[in-house]
Amino acid sequence: MRPLKKSRNWHCNGGIANKEKGLEGCRTIKKTVILIIALLALISAGSYGIYHYSSHQKTAPQQKKKPMLSYRITALGDSLTEGVGSEASNGYVGLTAASLKSQKNVKSVSFKDFGHVGDTSGDLLKVLKRPDVAENIRQSNTIFLTIGGNDLVHVLRDNFMDLQPRDFSAREKIFSSNLNEIFTEIRRLNPYAPIFFFGLYNPFENYLGNANRDFVPILNQWNNNSRAIAGKFNHIAFIPTFDIFRGKGQSLLYEDHFHPNKEGYIRLSSRLLQFMTKNP
């Protein structure tokens with residue numbers, strides 16, 4: 001009986017590895033194992049990445065939609081608020097309402113215009129006592145105001161033949177007292193609605209000639225005083241207009257050379273919208 005031959009064991013680590021074919025097989029096995037390990041690592045990393053991305057997508061906060069706005073506007077004051085000189089556009093009030101309605105985040109816009117040609121600050125105090133006006137102010141969330149131009153014009157008209165600086169000073173004191181009372185009454189009726197109050201411009205620039213040197217400082221004083229009074233109350237924005245019309249009377253004033261024309265009102269509305277964006 002022949003003795004059994006010892007089996008040849010090909011070990012890749014140490015041991016018997018003296019045959020070329022066996023060595024090549026070992027190398028192939030090693031490469032295969034390395035490739036499998038690398039593939040598993042990639043699959044594991046990819047699965048983690050997909051899971052991480054998916055989890056991130058599920059937990060990422062959604063952008064909040066801007067709330068829809070509704071404007072209930074009460075417009076007060078003189079002929080500028082009434083829109084004299086603007087033909088059918090309702091002046092700056094109507095133009096501003098139309099612009100607001102076109103904005104995507106605006107749900108509704110309504111306005112009531114109580115502007116009246118020729119009204120002074122004293123006249124406006126009487127208007128504020130009317131029940132319909134008071135109720136509109138209470139229900140509004142936005143208030144527009146122009147006043148003071150006719151107070152200033154009365155000084156020119158009443159003292160035309162012998163106009164003195166003291167005449168403006170005396171009238172300014174009356175106007176300041178009235179303006180303070182106007183803001184007090186509006187705030188009593190509605191403590192929170194923002195008030196957008198227009199300053200005065202110079203419609204006489206092309207007619208006063210050298211007298212502008214004396215008149216412009218007086219006008220600036222009125223505007224500065226009005227701004228200071230407005231600053232004593234909450235949520236009142238003083239809107240300057242002097243720069244809008246300076247040197248542009250021929251193109252921005254109506255044929256009466258006093259009120260804005262359509263383009264002038266467009267400029268006023270544009271300025272107002274800028275301030276409404278800053279003071280919503």
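So here's what we get for this one:
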| quantity | calculated |
| --- | --- |
| Value of relative contact order over segment 131-280, rounded to a whole percent, pairs C-alpha under 8 Å and six or more apart | 25 percent |
| Convex hull volume of segment 132-280 per residue (C-alpha atoms, cubic angstrom) | 125 Å³ |
| For Met276, Met68, order by how many other beta-carbon atoms lie within 10 Å, fewest first | Met68, Met276 |
| Label point at Lys66 placed 7 Å out along Cα→Cβ; residues across segment 92-114 whose backbone nitrogen lies under 16 Å | 99-109 |
| Rg/Rg_globular for segment 113-220, with Rg_globular taken as 2.2 N^0.38 Å and Rg from C-alpha atoms | 1.21 |
| Likely footprinting exposure, Leu128, Leu145, fewest C-beta neighbours within 10 Å first | Leu128, Leu145 |
| Asp132/Phe242 FRET efficiency (R0 51 Å; Cβ-Cβ; nearest 0.05) | 0.95 |
| Packing-based order for 194-200, 174-180, using average beta carbon neighbours within 10 Å, highest first | 194-200, 174-180 |
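Laboratory data are not the source of any read-out in this text; all were calculated from the coordinates shown. Note that this is a predicted model, so its numbers are computed, not measured. Note that each Cβ is placed from the backbone with ideal geometry, even for glycine, and that neighbours are counted across all protein chains shown.
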